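The block underneath contains the structure these notes are about, expressed in structure tokens.
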Amino acid sequence: MRSPSPRVTALGWGRVEVEGAAAPFKDAKIFPGGAREWDWRETGTRHSPGIQPADVEELLEHGSTMIVLSLGLWERLGVAAETIRLLAERGIAYEMLQTERAAERYNPLVISEPVGALLHPTC
């Protein structure tokens, strides 16, 4: 049996706290069994065109069957069309929400399914 996805315990400007993590993250990748810093430089992510397919790959590798994508507190982070295509092709349910709403949506899902999230708690 897979470990459940950890809950988001606190969210503020430039800060995401996740259950079980030793320190807060500036941006967070959360998945069944853990969480880590979401470093945009790893995949070349920028606000536009936004979240890249490679950003969600790790969530899928950890068994996420639902993914919550945050668009930033002011909804300035996009989601690349290729990312949406990848999720659709793999049959992965996803939601794109303003960051606070994304965290609110994500937390209850950890009870019922292997969920992943990308949280961007600025702009």
Members of the stretch 75-92 that are surrounded by fewer than 14 Cβ atoms within 10 Å (Cβ to Cβ) and of a type in the set (Gly, Ala, Ser): 81, 88, 91
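Going by the conditions given, is residue 100 open to solvent by 60 Å² or more (accessible area, probe 1.4 Å), over 18 Å from residue 34 (Cα atoms) and either out of contact with any Ser or Thr (no Cβ under 8 Å at 6 or more places or on another chain) or not in a helix (DSSP H, G or I) (or both)? Break it down into steps so the answer makes sense when it comes.
Working: open to solvent by 60 Å² or more (accessible area, probe 1.4 Å): yes; over 18 Å from residue 34 (Cα atoms): yes; either out of contact with any Ser or Thr (no Cβ under 8 Å at 6 or more places or on another chain) or not in a helix (DSSP H, G or I) (or both): yes.
Yes, satisfied.
When you look at residue 105, is it open to solvent by 60 Å² or more (accessible area, probe 1.4 Å), outside any helix (DSSP H, G or I) and basic (Lys, Arg), yes or no? Write out each step before concluding.
Details: open to solvent by 60 Å² or more (accessible area, probe 1.4 Å): yes; outside any helix (DSSP H, G or I): no; basic (Lys, Arg): yes.
Here the answer is no, as residue 105 does not meet what is asked.
Would you mention how many residues in the stretch 33-51 are of a type in the set (Gly, Ala, Ser) and in a loop (DSSP other than H, G, I, E, B)?
Of all residues in the stretch 33-51, those of a type in the set (Gly, Ala, Ser) come to 33-35, 44, 48, 50.
Next, only the ones that are in a loop (DSSP other than H, G, I, E, B) stay: 33, 44, 48, 50.
Going through the stretch 33-51 one residue at a time, the tally reaches 4.
Could we say that residue 21 is in a strand (DSSP E or B), in contact with a strand residue (DSSP E or B) (Cβ under 7 Å, 6 or more places away or on another chain), within 20 Å of residue 108 (Cβ to Cβ) and small (Gly, Ala, Ser) here? First the steps, then the outcome.
Values: in a strand (DSSP E or B): no; in contact with a strand residue (DSSP E or B) (Cβ under 7 Å, 6 or more places away or on another chain): yes; within 20 Å of residue 108 (Cβ to Cβ): yes; small (Gly, Ala, Ser): yes.
No; evaluated as a whole, the condition is false for this residue.
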All positions within the stretch 77-123 that are closer than 18 Å to residue 4 by Cα, more than 12 Å from the chain's Cα centre (by Cα) and hydroxyl-bearing (Ser, Thr, Tyr): 112
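Look at residue 30 and say whether it is surrounded by 14 or more Cβ atoms within 10 Å (Cβ to Cβ), β-branched (Val, Ile, Thr) and part of a strand (DSSP E or B).
Values: surrounded by 14 or more Cβ atoms within 10 Å (Cβ to Cβ): yes; β-branched (Val, Ile, Thr): yes; part of a strand (DSSP E or B): yes.
So residue 30 passes the test.
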Tally of residues being touching a helix residue (DSSP H, G or I) at 6+ places or on another chain (Cβ under 8 Å) and either among the basic types (Lys, Arg) or within 17 Å of residue 58 (Cβ to Cβ) (or both) across the stretch 86-114: 5
Tally of residues being surrounded by fewer than 11 Cβ atoms within 10 Å (Cβ to Cβ) and in contact with a Phe, Trp or Tyr (Cβ under 7 Å, 6 or more places away or on another chain) across the stretch 1-25: 0
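The values are calculated or read from the model by the stated rules, or taken from the named source; none is laboratory data. Worth saying up front: this structure is predicted, and the values here are computed from it rather than measured. Every residue, glycine as well, gets a Cβ built from its backbone with ideal geometry; the counts of neighbours run over all protein chains shown. With ligands, DNA and RNA removed, areas are computed over all heavy atoms of the protein, side chains included. Shrake-Rupley method; radii C 1.70, N 1.55, O 1.52, S 1.80 Å.
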